[in-house]
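A short write-up of the structure that comes next.
The values are calculated or read from the model by the stated rules, or taken from the named source; none is laboratory data. What you see is a predicted model, and the numbers here were worked out from it, not measured in a lab. All Cβ positions, glycine included, derive from the backbone under ideal geometry; neighbour counts span all protein chains shown.
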Amino acid sequence: MSKERSRAIIIGSGFGGLSLGLRLQSLGFDTTIVEKLDGAGGRAYVKKVNGFTFDMGPTVITVPHFIEELFALDRDSDNLDQPDFPAHILNGEQKPGIATAKYAEIVPIKPFYRIYFDDKSYFDYDGDPVSTREQISQIAPEDLDGYERFHKDAEAIFKRGFLELGYTFFNDAPTMLRVLPDLLKLDAVRSLFSFTSRYFSSDKLRQVFSFETLLIGGNPLAVPAIYAMIHFVEKTWGVHYVMGGTGALVQGMVKKFEEMGGKIRYQAEVVSIDVADRKGWFKKPVIKGLTLANGEVLTADAVISNADYAHTYMTLIDPKHRRWNPDWRVRNMHYSMSLLVVYFGFKDSGNLDLRHHNIILGPRYEELLTDIFKRKILASDFSQYLHVPTITDPGLAPDGHHAAYTLIPVPHNGSGIDWSIEGPKLTDTVLRFLDDEGYIPGLMDNLVHSEFVTPDYFETTLNSHLGNSFGVEPRLTQSAFFRPHNRSEDINGLYLVGASSQPGAGTPSVMMSAKMTARAIAEDFSATISQWRDE
Ligand SMILES: Cc1cc2nc3c(=O)[nH]c(=O)nc-3n(C[C@H](O)[C@H](O)[C@H](O)COP(=O)(O)OP(=O)(O)OC[C@H]3O[C@@H](n4cnc5c(N)ncnc54)[C@H](O)[C@@H]3O)c2cc1C
């Protein structure tokens, strides 16, 4: 008699949930993704309006190899035992692979970012050491030596922290203690900003080499210097764009998942994760399944939450089942900052001189970060990331128009800011700033569409605690072992995947988290999986 497949249910269809869905189908599970919204992608949801296509979230695509690994999967054929970084990838192979090409067209973007300073000078960061040195010599020639030393030390952190340890699941304290001496030796535990300040005396260069963690919710003043590896991740494998927008990658993954027999249900919000009572003081309770908002009860052998950590534990699971993640602990975690994101379309006046990815830094850096992350106040100045994908992909807007978004880091909802008042005001200020300061000349006259989201969107639509945009904040005391565990300590058969779990936020990291969670599940279900495979 054939052995019935185990049933897995994933809560949420973000990049983490979709990546894990593909991996569980490849292990042989019967996997269903239940998604609250009417479409897939989570933070990578797409808005289509009046002929404009707006990716709502991630736009900077790095490590195409991670995407290739997912598209190369097949039913009952996983690649969990293959090297995480095969030789050609270690050698910096940047091309998206042949499996990806069937589902998405991925192209390189250069420069990676144009970084504008407050005095309108800019730095085109493209990962090329020659052009990087040239630009440093124009901004602060005295920092050229510092750049060489930064490059060497950040590369050592990248090799140890990303290539060797990136996939380590810090499930227990000894695993953490084993790597700590190395991280101390590499000076990777001090704050990233203080790390970069050791190499650069120029304020501009300190910003250029530390701002990137903001794109994954990390405060450069607090995030450990191990995140200097982001610089090397981009330099080694490039920055990429998916033609049609990041949403096209989401659709490719949904298609692949369904081809492999996976099922997705939309508008299926989970209201509780159901758990059988523990059978003795020393035994963990066991997962039963979950209940949807419409009252439907689904049973499962494994439940994996791709939703926010605090939402998963505090809202979906009865406190009596939570010894390791009680409310006080979950509440005391630090959650990442939030965002105001303005999506807008405008007529092309023919004099746009931006790049695909633009960082526009305000007059203050450390003080502004402190306002956002610590003081939690809405400052009158701001920095922003301005994304103009139609520079690469005109198909995202009607003829003669551009589609863009600009993202402004703001405090999360622990601030008490009333976004129904501040949201429209800040949106107007930011759009006028882009016009008045000449970044998009004539914008206010040429604007044909604009809308925005605030921390309230992250809190109510995406169920993120305090409206955080990137999950649990990456800081030393919330990294590795101290970050929520991908295998729940509380309940047998419950797992986490995505930005709140290990290793952290950002599309490459949540794809890594899916592989780490898949490995934990493969270990826990090894006996059953071999039975399916022996049939
Ligand atoms: C504006 C913005 C720009 C970004 N830019 C970049 C970038 O350029 N590059 C990069 O690498 N990263 C970027 N990031 C970060 C990156 O997008 C995220 O870290 C990543 O997409 C998170 O994926 P995830 O799988 O953790 O889950 P999410 O995308 O958060 O998805 C979670 C899903 O769970 C669903 N859900 C929640 N609760 C329930 C429930 N009770 N029942 C059912 N479903 C539920 C939600 O609806 C959602 O679909 C950006 C983030 C934002 C917000």
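Figures for the structure shown
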read-out	value
Enumerated strands (runs of 3 or more DSSP E) restricted to the range 342-459, each holding at least 1 residues that are within 29 Å of Lys36 (Cα to Cα) and of a type outside the set (A, V, I, L, M)	384-387, 401-410, 447-453
Any pair with Cβ under 6 angstrom, 6 or more apart, that starts in the range 82-99 at a residue that is within 20 Å of His240 (Cα to Cα) and ends at one that is modelled with pLDDT of 90 or more and part of a helix (DSSP H, G or I)	Phe85/Leu163; Ile89/His65; Gly92/Thr236; Gln94/Trp237; Pro96/Pro64; Gly97/Glu68; Ala99/Glu68; Ala99/Phe71
Whichever residue in the range 490-507 is within 13 Å of the ligand (Cβ to nearest atom) and among the small types (Gly, Ala, Ser) and, among such residues, is surrounded by the fewest Cβ atoms within 10 Å (Cβ to Cβ)	Gly506
Failed item in (1) within 16 Å of the ligand (Cβ to nearest atom); (2) modelled with pLDDT under 95, with Asn91 passing the rest	(1)
Residues of the range 289-315 satisfying the condition of being assigned to a loop (DSSP other than H, G, I, E, B) and within 11 Å of the ligand (Cβ to nearest atom)	Ala293, Asn306, Ala307, Asp308
Residue among Leu184, Leu180, Leu221 that is closer than 26 Å to Asp371 by Cα and either at pLDDT below 90 or among the hydrophobic types (A, V, I, L, M, F, W, C) (or both)	Leu221
Gly345, sole failed condition from (1) buried (at least 17 other Cβ atoms within 10 Å of the Cβ); (2) within 16 Å of the ligand (Cβ to nearest atom)	(2)
Among the candidates Gly39, Gly51, Gly21, residue that is touching a helix residue (DSSP H, G or I) at 6+ places or on another chain (Cβ under 6 Å) and of a type in the set (Gly, Ala, Ser)	Gly21
Pair list, Cβ under 9 Å, 6 or more apart: the range 344-355 residue farther than 15 Å from Glu437 by Cβ, other residue among the basic types (Lys, Arg) and assigned to a strand (DSSP E or B)	Arg355/Arg114
Options Asp76, Asp38; residue that is farther than 20 Å from Thr507 by Cβ and away from the ligand (no atom under 16 Å from the Cβ)	Asp76
Filtered residue count, the range 397-422, keeping only those that are surrounded by 22 or more Cβ atoms within 10 Å (Cβ to Cβ) and closer than 17 Å to Ser349 by Cα	4
Which numbered condition Phe52 misses (of (1) under 30 Å from Leu447 (Cα atoms); (2) within 16 Å of the ligand (Cβ to nearest atom); (3) of a type outside the set (Gly, Ala, Ser))	(2)
Residue pairs meeting the criteria (Cβ under 6 Å; at least 6 apart or on separate chains; first within 16 Å of the ligand (Cβ to nearest atom), in the range 377-395; second assigned to a loop (DSSP other than H, G, I, E, B) and of a type outside the set (A, V, I, L, M, F, W, C))	Phe382/Gly362; Ser383/Gly362; His387/Thr59; Ile391/His356; Thr392/His356
Matching residues, the range 356-370, being closer than 25 Å to Asp435 by Cβ and surrounded by 17 or more Cβ atoms within 10 Å (Cβ to Cβ)	His356, His357, Asn358, Ile359, Ile360, Leu361, Gly362, Tyr365, Leu368
From Thr517, Thr461, residue being assigned by TED's automatic domain parsing to the domain that holds Phe66, touching a residue at least 60 places away in the same chain (Cβ under 8 Å) and within 16 Å of the ligand (Cβ to nearest atom)	Thr517
